Amino acid sequence: MLKTVHLVPNLRTYDSAVLQMKVQRDNLKRYQKSIQVVLDREHEIAKECLARGDKSKALLALRKRKYQEQMLKKTDGHLETLEQLVNKSFLFLSTWFHTT
């Protein structure tokens with residue numbers, strides 16, 4: 001007699017993983033907001049330094065701003081990947097429930 005084995009995901013583990021992804025997504029969104037605040041501030045600092053004639057400090061502020069822009073771009077990529085994972089997990093779960 002053959003035994004049929006069904007692969008049933010552990011829902012508690014699955015829910016925990018989805019929750020962790022959502023928490024990470026929320027953390028990334030907060031991080032994006034904080035980066036944007038820094039970007040705006042560095043731009044203002046550069047303007048103030050130029051108004052005072054301090055070109056070297058203005059350039060430093062712009063370099064810091066460029067670094068923050070790169071960090072924001074990386075964060076956008078991480079957030080997009082995470083949102084895709086969350087969406088795929090919901091799709092998997094909904095199809096799993098419809099097939100069982």
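The set of residues in the stretch 12-42 being farther than 30 Å from LYS88 by Cβ and either of a type in the set (Gly, Ala, Ser) or surrounded by 15 or more Cβ atoms within 10 Å (Cβ to Cβ) (or both) consists of VAL38, LEU39, GLU42. Candidates are the residues of the stretch 18-59 that are among the β-branched types (Val, Ile, Thr) and under 13 Å from the mean Cα position of the chain (by Cα); the one that is nearest to LYS73 (Cα to Cα) is ILE35. Identify the residue in the stretch 35-74 that is part of a helix (DSSP H, G or I) and small (Gly, Ala, Ser) and, among all such residues, is farthest from ARG25 (Cα to Cα). That would be ALA51.
Read-outs: derived from the displayed coordinates by stated rules, not from any lab. Computed from a prediction, not measured in an experiment: that's the story for all the values here. Neighbour counts are summed over all protein chains in view; Cβ atoms, including those assigned to glycine, are modelled from backbone coordinates with ideal geometry.
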